[in-house]
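The structure under discussion appears below in the form of structure tokens.
Read the figures in this text as sums done on the coordinates, not as results from a lab. Just so we're clear, the structure is a prediction, and the values are computed from it rather than from any experiment.
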């Protein structure tokens with residue numbers, strides 16, 4: 001079967017220097033950029049029209065190849081303020097057009113140079129609409145991208161690599177992207193405008209963030225509200241967490257299968273649930289909180305990746321346009337008694353938020369810090385800090 005698929009590959013265009021090979025035998029020829037080499041991961045698509053640097057540097061994309069549906073990538077260049085982690089954990093990207101020349105006053109380098117510095121491979125001149133339609137019909141799947149300026153590729157070997165890659169399901173990636181040791185964070189959000197955000201808060205609130213792959217913008221959002229922020233590794237013990245005297249706990253976003261964190265993350269969160277400290281979960285943190293409460297999670301067909309996802313707040317019937325990046329969700333019918341759904345996707349109806357009825361615990365599947373995307377859900381950080389303030393008064 002493998003030989004038959006290789007023989008059916010379309011002929012390589014003369015100037016092709018890049019190739020994308022999916023595990024089902026589908027291939028796409030293009031032009032390579034960034035790092036010369038070969039990478040394998042789960043192929044997904046992102047529908048955002050801005051923020052490519054923030055997207056690629058989001059640790060939640062660990063072991064994934066990102067297909068950008070917006071054709072113009074590179075036009076704002078890159079800068080150090082818009083990175084979401086110390087280094088990108090995505091393994092590559094796919095674009096429709098050649099990388100655009102930067103035209104933005106904040107740019108300090110070209111996007112393709114930044115990719116090369118960060119050891120990331122990209123391919124342009126690929127029909128990203130066709131790739132996206134293929135993933136929507138068949139689901140996210142393993143893929144291999146390869147960039148060789150000579151245009152020479154071993155198609156059978158690339159297909160075999162894609163088919164034999166273990167995939168995301170059952171894979172604990174949080175332990176690979178988490179920080180190695182605890183650190184304090186004090187940087188605010190970048191803005192050319194002075195805002196009044198956080199003006200009503202004092203700086204005596206200590207928030208501990210458990211890092212499953214946290215985005216810098218989440219930490220900035222907390223500092224904007226005058227919080228003292230300490231970030232600890234995902235495998236920190238219950239005793240280590242409490243030694244920092246936190247007033248509230250934030251369970252961060254991150255990559256991989258939430259159930260695969262069952263040996264360390266879920267047991268610790270179960271212990272934290274006994275403390276009555278306010279807990280706020282985001283993305284993977286939302287899933288881990290749900291599992292600790294007794295719910296179940298499942299893998300989506302092709303995930304939610306973009307900054308234009310409509311979510312309904314079931315408590316006030318308002319619709320928020322949200323930024324999302326996840327491949328797993330919480331199973332609505334598995335929510336235990338006392339845990340209620342608070343937000344729901346208007347795309348496919350999946351659960352997007354929950355809270356515990358009589359405890360200061362809540363979480364959302366999407367990203368209230370956005371980056372990129374609209375700030376419709378930034379109120380959730382305020383909600384969290386208000387819960388913390390009320391708990392401190394007791």
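Give me the percent relative contact order of the chain, please, defined on Cα pairs under 8 angstrom at least 6 residues apart.
Details: 970 pairs, mean separation 58.8, N = 394.
Computed over the chain, the figure is 15 percent.
Would you mind telling me the antiparallel percentage of the DSSP bridges in region 242-394, rounded to 5?
Just about 75 percent of them are antiparallel.
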On Cα atoms only, tilt of 128-138 relative to the major axis of the chain in degrees:
70
Taking only the C-alpha atoms, wrap a convex hull around the chain and report its volume per residue in Å³ as a whole number.
135
Quick one: what does P(r) look like for region 278-323 with 5 Å bins over all Cα pairs, in whole %?
5, 16, 17, 25, 27, 10, 0
CD proxy, 222 nm, the chain: helix-only mean residue ellipticity via -39,500 (n - 2.57) per DSSP H run with n ≥ 4, per residue, nearest 500, stands at -6000 deg cm²/dmol
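Is the shape of region 174-393 rounded, prolate or oblate, going by the alpha carbon gyration tensor and its root eigenvalues a ≥ b ≥ c, with a/c under 1.5 for rounded and a/b larger than b/c for prolate? Mind showing how you got there, number by number?
Details: a/c = 1.36, a/b = 1.10, b/c = 1.24.
Rounded, because the longest to shortest axis ratio a/c is under 1.5.
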Starting from the Cα gyration tensor of region 2-164, multiply each eigenvalue by 5, take the square root, and state the resulting semi-axes largest first in whole Å.
26, 16, 14
In degrees from 0 to 90, rounded to the nearest 10, what is the angle of the helix 284-293 Cα long axis to the longest principal axis of the chain?
50
Would you mind checking the tilt of helix 379-393 against the longest principal axis of the Cα atoms of the chain, expressed as 0 to 90 degrees and rounded to 10?
30
Length-normalised contact order for region 2-164 - Cα pairs under 8 Å, 6+ apart - percent
34
Counting only DSSP beta bridges with both partners in the chain, the antiparallel fraction in percent, to the nearest 5, comes to 60
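Can you tell me, using C-alpha contacts under 8 Å and at least 6 residues apart, the relative contact order of region 174-393 as a whole percent?
Numbers: 485 pairs, mean separation 38.9, N = 220.
Worked out over region 174-393, it gives 18 percent.
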